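All remarks here apply to the structure that follows.
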Amino acid sequence: MSKKYAELTLDGVTHSYPIIQSTQGENAIDISTLLRDTGHITLDRGYVNTGSCTSAITYLDGKEGILNYRGYAIDDLAENCSFVEVAYLLLHDDLPNLEQLNDFRELMSTYALIHEDMIHFFDHFPPNASPMSILSTMVNSLHNFYPEMSTHPEPFESFDNVTTRLLAKVRTIAAFSYKKSLGHPLIYPRYDLNYCENFLNMMFDKPTKPYTILPEVVSALNKLLILHADHEQNCSTSTVRLVGSAGVNLYASIAAGINALWGPLHGGAAQAVVEMLEGIYADDMDFEKYIRKAKDSNDGFRLTGFGHRVYKTFDPRATIIKKACDETLAALNVDDPLLDIAKELEDRVRSDDYFVSRNLYPNVDFYSGIIYRAMGIPTDMFTVMFALGRLPGWIAHWREMNSDEERRIGRPRQLYIGYPAKKYIPLDER
Ligand code: SDX
């Protein structure tokens, strides 16, 4: 098929830029020579129209509400796989066979502990320390204990060791930080438990009251982590790529992604959704007050859990989580008024032209917090749960970026709107 070009005419001169074909979704105009050809750069706030890389990991279609990991539909993966299986899929390029999955699981069990010296770090965070701050600090510190990632390894001969070490240890760090926040004794990972069973047991088992691991809760947690596992070039993943493009080790790159995810417009939304629903509950269910505030452009308030940069229809993940919500709360015999409030709010939003005209639908964060609450996970750990899920996606993108023959350090340009050159004025003349 003959190559297609886009033409740009500027000051009477026409320039041609090649169209790069995708395997699915938007094609791209390669403007690599734009500045040299025209003396102009592009300006695209928030990179709404700008691709920073090529990637073979995840495909999103915002119009159709499609999300595929390495070609597999998210619904199929959430319904049929474990989180560890999907992590393997993202980190390699296909689902594992039984032997590969068992080897991967074995490595996860092998690397589940953190260095005992790291446990003392928890003693020195203030009692109200943010779990996300603790998580990024501890992940960044892993570099000091496992320096083999001090430079990006090429080829990734021990890549499975490094990635399972990070996946297993981040889960342990998250559970330990929760136990420490309660002043409870740490519960160590067990060889006989799988990834999700171990996490739940480390979080909720107590010497005085053994925790019963319910299959329905394990299934819901697997689903939630799978649904959060990757989402192409979102804010935190792009951060991991940008920081990693400077040749920074994996742990520091992931710590940067954790910090980006912390934001209430990104991974912090699940916590903000529950706080918003609690606000409506405390406000005698005054839905209209919150909807009015969200529609008022002079009011900084937004209905958190709604809207998305890419999805202009239902976020496929929200649909799956909403169904899992009903199933999990029924299995746990939990009757959470926040679920009814969430459903009522969704109904009102979906019949209000302000939101409909802006294609604002529930996103991945709208219902997830309600399931985490039912499991007993504290609200301030919801974003940590998002990070646990997103970790294999971040690692996969870091590896893909480092393996890209055409990789370059990320360095966007800017449109300068400051002062023109000024003459220096000595201090005694100012
Ligand atoms: C995640 O990128 C990813 O893939 C992210 C994520 C992932 O898996 O990594 O999917 C996870 O981050 C989900 C999003 C979680 N954040 C929230 O739920 C916070 C609430 N949502 C919004 O802040 C907003 O929708 C964003 C940040 C998600 C998207 O912002 P955009 O694409 O920049 O949208 P926009 O700000 O340009 O909004 C377009 C219009 C504006 O109104 P007008 O200026 O046209 O009049 O829609 C309005 C906005 O004011 N709008 C909202 C709204 N979201 C957008 N109005 C009220 N409530 C909202 N939630």
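A few notes on this one:
The rows are residues; the columns are (1) modelled with pLDDT under 95; (2) farther than 25 Å from Arg45 by Cβ.
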site	(1), (2)
Arg390	no, no
Ala396	no, yes
Ser403	yes, yes
Gln414	no, no
Ile417	no, no
Asp428	no, yes
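- Any chance Leu43 is of a type outside the set (D, E, K, R) and open to solvent by less than 20 Å² (accessible area, probe 1.4 Å): no
- Within segment 338-356, tally of residues that are open to solvent by 50 Å² or more (accessible area, probe 1.4 Å) and either away from the ligand (no atom under 16 Å from the Cβ) or not small (Gly, Ala, Ser) (or both): 9
- Helices (runs of 4 or more DSSP H) contained entirely in segment 305-420, each with at least 3 residues that are within 19 Å of Gly279 (Cβ to Cβ): 337-350, 365-375
- A single entry from Pro189, Pro185 fulfils the requirement of being open to solvent by 50 Å² or more (accessible area, probe 1.4 Å) and assigned to a loop (DSSP other than H, G, I, E, B): Pro185.
- Any chance Glu148 is in the same structural domain as Ile213 (by TED's automatic domain parsing), more than 20 Å from His92 (Cα to Cα) and either surrounded by fewer than 20 Cβ atoms within 10 Å (Cβ to Cβ) or modelled with pLDDT under 95 (or both): yes
- In segment 80-101, the residues that are of a type in the set (Asp, Glu) and touching a residue at least 12 places away in the same chain (Cβ under 8 Å): Glu85, Asp93, Asp94
- Taken over segment 1-19, the residue count meeting the criterion of being open to solvent by 80 Å² or more (accessible area, probe 1.4 Å) and either at positive phi or out of contact with any Ser or Thr (no Cβ under 6 Å at 6 or more places or on another chain) (or both) is 6.
- Enumeration of residues in segment 131-140 that are crowded, with 16+ Cβ neighbours inside 10 Å and either modelled with pLDDT under 95 or closer than 11 Å to Ser177 by Cα (or both): Pro131, Met132, Ile134, Leu135, Met138
- Filter pass, Ser52 being under 19 Å from the mean Cα position of the chain (by Cα) and open to solvent by 60 Å² or more (accessible area, probe 1.4 Å): yes
- If only residues of segment 367-401 that are among the charged types (D, E, K, R) and surrounded by fewer than 24 Cβ atoms within 10 Å (Cβ to Cβ) are counted, the one that is farthest from the chain's Cα centre (by Cα) is Arg373.
- For segment 261-271, the candidate set comprises residues that are near the ligand (Cβ under 10 Å from one of its atoms) and open to solvent by 20 Å² or more (accessible area, probe 1.4 Å); within that set, the residue that is farthest from Val139 (Cα to Cα) is Leu265.
- The one condition in (1) under 19 Å from the mean Cα position of the chain (by Cα); (2) more than 20 Å from Ala270 (Cβ to Cβ) that Pro362 fails to fulfil: (2)
Yes or no, residue by residue, for (1) more than 9 Å from the ligand (Cβ to nearest atom); (2) in contact with a helix residue (DSSP H, G or I) (Cβ under 7 Å, 6 or more places away or on another chain); (3) not assigned by TED's automatic domain parsing to the domain that holds Ser133:
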{"position": "Leu250", "(1), (2), (3)": "yes, yes, no"}
{"position": "Ala255", "(1), (2), (3)": "yes, yes, no"}
{"position": "Val273", "(1), (2), (3)": "no, yes, yes"}
{"position": "Asp283", "(1), (2), (3)": "yes, yes, yes"}
{"position": "Glu288", "(1), (2), (3)": "yes, no, yes"}
{"position": "Ala294", "(1), (2), (3)": "no, no, yes"}
{"position": "Arg309", "(1), (2), (3)": "no, no, yes"}
{"position": "Thr313", "(1), (2), (3)": "yes, no, yes"}
{"position": "Ala324", "(1), (2), (3)": "yes, yes, yes"}
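- Any chance Asn102 is surrounded by fewer than 16 Cβ atoms within 10 Å (Cβ to Cβ) and assigned by TED's automatic domain parsing to the domain that holds Ala175: yes
- Test: Asp93 is surrounded by fewer than 21 Cβ atoms within 10 Å (Cβ to Cβ), at pLDDT 95 or above and of a type in the set (D, E, K, R): no
- Leu200, sole failed condition from (1) in contact (Cβ under 8 Å) with a residue 40 or more places away in the chain; (2) open to solvent by 20 Å² or more (accessible area, probe 1.4 Å); (3) not in a loop (DSSP other than H, G, I, E, B): (2)
- Single match in Leu91, Leu95, Leu60 (criterion: under 17 Å from the mean Cα position of the chain (by Cα) and more than 16 Å from the ligand (Cβ to nearest atom)): Leu91
- Scanning segment 230-248 for residues that are within 9 Å of the ligand (Cβ to nearest atom) and of a type in the set (A, V, I, L, M, F, W, C) yields a single hit, Cys235.
- Some residue of segment 228-249 being in contact with a strand residue (DSSP E or B) (Cβ under 7 Å, 6 or more places away or on another chain), among the charged types (D, E, K, R) and surrounded by fewer than 20 Cβ atoms within 10 Å (Cβ to Cβ): yes
The values are calculated or read from the model by the stated rules, or taken from the named source; none is laboratory data. Nothing here was measured: the structure is a model prediction, and the numbers come from that model. Quick reminder, even Gly has a Cβ in these numbers, built from the backbone with ideal geometry, and neighbours come from all protein chains shown. Each accessible area value is taken on the protein alone, full model and side chains, heavy atoms only, with ligands, DNA and RNA left out. Shrake-Rupley method; radii C 1.70, N 1.55, O 1.52, S 1.80 Å.
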